[in-house]
Structure formats: C-alpha cells, structure tokens
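S.K.: What follows is a single structure, and I will ask about it in a moment.
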Amino acid sequence: MKAKLAQTPKQSSGVEGNFLLGPPWNELYGYPFVVSNQVPSNLTKGSSSGVCSAMFFGVWSNLLIGQWSGIDLLVDPYTGSSAGTVRVTAFADVDVAVRYAEAFAACLDLTTT
C-alpha cells in the first residue's frame, strides 16, 4: 500500500512528482503514517479476490492498552534438548480498549493493482 500511495499523483496538484505519499515518508497529508505487516493485504471485496489491503486511521491516543502484570519468562531446557536448544516462552497479560469508537476509521478494500 505504501508503494501504491507513493506512485499515485495528487489529482488537484497538476505538478509532476507530487504524489499522495512523498518525503517525509512517515507522513500522509500531515498525519503520521506507519506501515505494518500485521495489517492484512489479502482481503476480498466483490470480484477483487485476495488483492485488497486494509488501512486504518485514528486518534491513537484514544486506544487504551492495559498491562496487568510484568512479562513472565519460562525457560525450558528439555523440549529442544536433543537439538541442543533452549526454549524460552514469554507470557504477558494485556488488554486493549477503545475510548471513543468515532476516533477510528478502517478501509478494508484498497487495491494496489
């Protein structure tokens, strides 16, 4: 999606090389722009099967993240002992809530083709 935005010209500009996403690469229309592999890019809408991407916009200060304890580490030297490895597992009790649902928007049908 980032590459597509960097190649899409602003319609009203009429200036060569004036694209939706340009330097600085972490800003879109003055708002912070972040890319993550956790956002799906294989969504389907209508006849566009498996080629749609998602994009989220929001006032991220309205996303509440609560961590209820520290991170618990469990070291297991037995499971991978035949391969000479040690397995380390981390556990965290975390919860996420939205203060105002109106502060967020999602688009689930952006195509990059």
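The values are calculated or read from the model by the stated rules, or taken from the named source; none is laboratory data. As the structure is a computational prediction, the values presented were derived from the model and not from experiment. Positions of Cβ are generated from backbone atoms using ideal geometry, with glycine treated the same way; all protein chains shown enter the neighbour counts. Remember, those area values only see protein heavy atoms, side chains included, never the ligands or the DNA or RNA. Shrake-Rupley method; radii C 1.70, N 1.55, O 1.52, S 1.80 Å.
S.K.: Which of the residues that make up segment 91-113 are open to solvent by 60 Å² or more (accessible area, probe 1.4 Å), farther than 30 Å from residue 51 by Cα and not basic (Lys, Arg)?
M.R.: 91, 93, 94, 95, 100
S.K.: Looking at segment 23-30, is at least one residue closer than 14 Å to residue 1 by Cα, in a loop (DSSP other than H, G, I, E, B) and among the polar types (S, T, N, Q)?
M.R.: Scanning segment 23-30 turns up at least one residue that is closer than 14 Å to residue 1 by Cα, in a loop (DSSP other than H, G, I, E, B) and among the polar types (S, T, N, Q).
S.K.: Here is a further query. Could you check how many residues of segment 44-90 are open to solvent by less than 50 Å² (accessible area, probe 1.4 Å) and acidic (Asp, Glu)?
M.R.: The qualifying residues number 1.
S.K.: Taking residue 33 as the residue in question, decide whether it is open to solvent by 90 Å² or more (accessible area, probe 1.4 Å), closer than 30 Å to residue 1 by Cβ and either hydroxyl-bearing (Ser, Thr, Tyr) or touching a residue at least 12 places away in the same chain (Cβ under 8 Å) (or both).
M.R.: Against the criterion (open to solvent by 90 Å² or more (accessible area, probe 1.4 Å), closer than 30 Å to residue 1 by Cβ and either hydroxyl-bearing (Ser, Thr, Tyr) or touching a residue at least 12 places away in the same chain (Cβ under 8 Å) (or both)), residue 33 does not qualify.
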